[in-house]
Amino acid sequence: MFGVFKKFKEGLSKTVAAIATRTHGLFGGRKIDASSLDELEEALYTADFGVETTAEIISEIKAAYQKDRDLQGRQAAEIGAAVLKRVLAGGEGVLAGKDDKAAAGPVVIAIIGVNGSGKTTTCAKLAWRLGQDGKSVMLAAADTFRAAAIEQLEVWSKRLNFELISSHRGADAAAVAFDAWQAAKARGRDYLIIDTAGRLHTKVNLMEELAKIRRVLQKNDPAAPQHRWLVVDGSLGANSIEQARVFHAGFGLTGLVVTKLDGTSRGGALVGIYRQLRIPIYFIGLGEQPEDLQPFSADSYAKAVFGIDEAQ
């Protein structure tokens, strides 16, 4: 467990550092006062925690301060972390157990998102992680709109040693998905991960392609794809919310993967996304390596953001 927390702490270091700088090290041990509360409020806004979550955190710390004028920064951090955990209750997606068994064949995870969100890389890292968990995985390169996406997955498949079904640029993405399902079924694979074309949520033709992929998969298994995850770039902050809302309306999202949190000081964005859409977060991206795609833990996230050590 400590290893997981360490990943969160290191991956969210830019967000933590930004908050510490703006609050002049409030959580390092000094006492709370009126000016430090103002500093903290500004820091939380800047880190993209949003109006509602920031207001809840500040309100609860203020209430504690009114009762105890000797309130320490460390105590304020614990209050803030507790609020975050409460806001994120129910937000941890779990990819395991009885619900992840498909009667007709592999469990299908369709990965969608805009170009640049880290979608294709996430597919490869997810395949690796499932393999580490003892699952057999096949990956389908159904982003036939962009030749680089196919090449990228081919490189990853050789590096991480997983099976890949692909075709040429411009091929029918739904046909690739259909063939991949058939191959995964024939070879007894547990999971099929489908990388779809990166698309803006305003591109009607590409959104319709998603619907076609779903229809074709359901000819093999009416329940497929069992998972429909949107990959969002955590550095975009609140701008991701509308994007996710449109994808959800068009494709019925079942989960989120929030990437690039290691490269931004706006690590609070995932709170706003979950708060608005109530779609569980399965994984977060905290670095470049395959092991840096980590299952989301509200507890580890909240403690890391407020600089609370796992032992505390």
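The values are calculated or read from the model by the stated rules, or taken from the named source; none is laboratory data. Worth saying up front: this structure is predicted, and the values here are computed from it rather than measured. All Cβ positions, even for glycine, are placed from backbone atoms using ideal geometry, and neighbour counts span all protein chains on display.
Quick check on my filter: what residues within the range 26-60 are touching a residue at least 24 places away in the same chain (Cβ under 8 Å) and within 16 Å of Gln72 (Cα to Cα)? Passing the criteria: Leu26, Phe27, Gly28, Gly29, Arg30, Lys31, Ile32, Ser36, Leu37, Leu40, Ile57. The listed residues are Ala184, Ala141, Ala224, and the only one of them that is over 22 Å from Thr259 (Cα atoms) and within 23 Å of the chain's Cα centre (by Cα) turns out to be Ala224.
For residues that are in contact with a Gly (Cβ under 7 Å, 6 or more places away or on another chain) and in contact (Cβ under 8 Å) with a residue 60 or more places away in the chain, scanning just the range 277-290, find the one that is surrounded by the most Cβ atoms within 10 Å (Cβ to Cβ). I'd like the intermediate steps shown before the answer.
Kept after step one, since they are in contact with a Gly (Cβ under 7 Å, 6 or more places away or on another chain), are these residues of the range 277-290: 279-282, 285-287.
Okay, now just the ones that are also in contact (Cβ under 8 Å) with a residue 60 or more places away in the chain, so 280-282, 285-287.
On the way: Pro280: 18, Ile281: 24, Tyr282: 22, Gly285: 24, Leu286: 26, Gly287: 17.
Top of the filtered list is Leu286.
Gly118 passes every criterion in (1) closer than 30 Å to Ala186 by Cβ; (2) in contact with a Gly (Cβ under 7 Å, 6 or more places away or on another chain) apart from (1). Only one of the listed residues (Gly255, Gly267) is under 22 Å from Lys14 (Cα atoms) and either small (Gly, Ala, Ser) or more than 14 Å from the chain's Cα centre (by Cα) (or both). That residue is Gly267. Residues that are surrounded by 17 or more Cβ atoms within 10 Å (Cβ to Cβ) and in a helix (DSSP H, G or I) within the range 180-200 comprise Ala180, Trp181, Ala184, Lys185, listed in sequence order.
Of the numbered criteria (1) buried (at least 22 other Cβ atoms within 10 Å of the Cβ); (2) closer than 23 Å to Leu293 by Cα; (3) out of contact with any Phe, Trp or Tyr (no Cβ under 9 Å at 6 or more places or on another chain); (4) touching a residue at least 60 places away in the same chain (Cβ under 8 Å), the one Gly234 fails is (4). Helices (runs of 4 or more DSSP H) fully within the range 1-65 that include at least 2 residues being of a type in the set (Ser, Thr, Tyr): 13-22, 34-46. Could you go through the range 86-96 and let me know if any residue there is touching a helix residue (DSSP H, G or I) at 6+ places or on another chain (Cβ under 7 Å), of a type in the set (Lys, Arg) and within 30 Å of Arg228 (Cα to Cα). No, the conditions are met nowhere in the range 86-96.
Residue pairs whose Cβ atoms lie under 7 Å apart, sitting 6 or more positions apart in sequence or on different chains, and linking a residue in the range 261-276 that is assigned by TED's automatic domain parsing to the domain that holds Ser235 to a partner that is among the acidic types (Asp, Glu), are Arg266/Asp48; Gly268/Asp48; Ala269/Asp48; Gly272/Asp48; Arg275/Glu52.
With respect to Ser157, determine if the residue is surrounded by 21 or more Cβ atoms within 10 Å (Cβ to Cβ), assigned by TED's automatic domain parsing to the domain that holds Lys119 and not aliphatic (A, V, I, L, M).
Working: surrounded by 21 or more Cβ atoms within 10 Å (Cβ to Cβ): no; assigned by TED's automatic domain parsing to the domain that holds Lys119: yes; not aliphatic (A, V, I, L, M): yes.
The answer is no for Ser157.
Return the residues of the range 56-82 that are small (Gly, Ala, Ser) and closer than 13 Å to Phe27 by Cα; say none if nothing qualifies. So that I can check it myself, show each step before the final result.
Of the range 56-82, the ones small (Gly, Ala, Ser) are 59, 63-64, 73, 76-77, 80-82.
Selection gives Gly73, Ala76, Ala77, Gly80, Ala81.
Mind checking whether some residue in the range 130-147 is assigned to a helix (DSSP H, G or I) and at pLDDT below 90?
Checked the range 130-147: at least one residue is assigned to a helix (DSSP H, G or I) and at pLDDT below 90.
Quick grid of which residues meet (1) among the small types (Gly, Ala, Ser); (2) surrounded by 19 or more Cβ atoms within 10 Å (Cβ to Cβ); (3) more than 20 Å from Ala177 (Cβ to Cβ):
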| position | (1), (2), (3) |
| --- | --- |
| Lys62 | no, no, yes |
| Leu95 | no, yes, no |
| Ala127 | yes, yes, no |
| Ala148 | yes, no, no |
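Of the numbered criteria (1) surrounded by 14 or more Cβ atoms within 10 Å (Cβ to Cβ); (2) of a type in the set (Gly, Ala, Ser); (3) at pLDDT 90 or above, the one Ala171 fails is (3).
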